[in-house]
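Structure first, then comments.
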Amino acid sequence: MTDRANSYEMFIGYRKRLRNHERKDLSALGMIALSAGIAGALDIAATAGIMKVQGVSIVRLLQFIASGIFGSSAFNGGKRIAGIGLFLHFLIALVVAAIYYAASGSSSFALARPVLFGVLYGIGVHLVMSRIVVPLSRAPRREFSLKAFLTQLVIHVFCVGLPISVVQNYFSR
């Protein structure tokens with residue numbers, strides 16, 4: 001057997017062990033934290049990339065997130081407030097992942113169709129965040145932009161809803 005074939009067999013064996021044993025060992029809290037971490041990182045990376053193209057720095061983006069609590073004064077807070085914004089972003093991701101876990105735990109539909117449920121959940125998260133949470137926060141009001149709304153909708157579907165659903169589904173089976 002060649003080294004390449006041997007390496008392949010080792011990889012397949014590892015995948016089977018992971019699939020059949022080790023992934024079951026992740027606790028509910030671990031599953032929520034992992035899915036939140038992945039979704040939070042993908043969401044902030046996608047949004048930061050789009051904002052960078054528009055000439056907005058990551059610090060300014062994170063200050064906007066913090067402005068939900070601190071209002072317009074967050075934009076004068078520098079990197080410290082940006083750090084708080086990053087913390088808040090991942091805290092929101094954790095809450096969103098926990099809600100998904102609680103909602104999908106009693107639904108065989110969610111386990112049977114994680115992609116569909118993830119897309120629907122991403123749409124729901126976007127609507128709640130953009131139409132309820134941000135307007136009720138202290139963040140400065142912005143004029144509605146269909147382009148921004150649709151861009152964030154796509155990000156919430158592919159970077160929040162789907163990763164949370166797929167990760168939690170993977171570790172639930």
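The values are calculated or read from the model by the stated rules, or taken from the named source; none is laboratory data. None of the values given here were measured: they were computed from a predicted structure. Cβ sites come from the backbone with ideal geometry, for glycine too, and all protein chains shown count toward neighbours.
Against the test of being among the β-branched types (Val, Ile, Thr), surrounded by 15 or more Cβ atoms within 10 Å (Cβ to Cβ) and either out of contact with any strand residue (DSSP E or B) (no Cβ under 9 Å at 6 or more places or on another chain) or assigned to a helix (DSSP H, G or I) (or both), the options Val95, Val125, Val115 yield a single qualifying residue, Val125.
The residues of segment 105-121 that are modelled with pLDDT of 85 or more and not aliphatic (A, V, I, L, M), listed by number, are Arg113, Pro114, Phe117, Gly118, Tyr121. Against the conditions (1) in contact (Cβ under 8 Å) with a residue 60 or more places away in the chain; (2) under 13 Å from Gln168 (Cα atoms), Ile99 satisfies every one except (1). With respect to Tyr101, is the statement that it is touching a Lys or Arg at 6+ places or on another chain (Cβ under 8 Å) and assigned to a helix (DSSP H, G or I) true? Spelling it out, it is not the case that Tyr101 is touching a Lys or Arg at 6+ places or on another chain (Cβ under 8 Å) and assigned to a helix (DSSP H, G or I).
Residues satisfying the criterion are present in segment 21-38 (criterion: modelled with pLDDT under 90 and over 23 Å from the mean Cα position of the chain (by Cα)).
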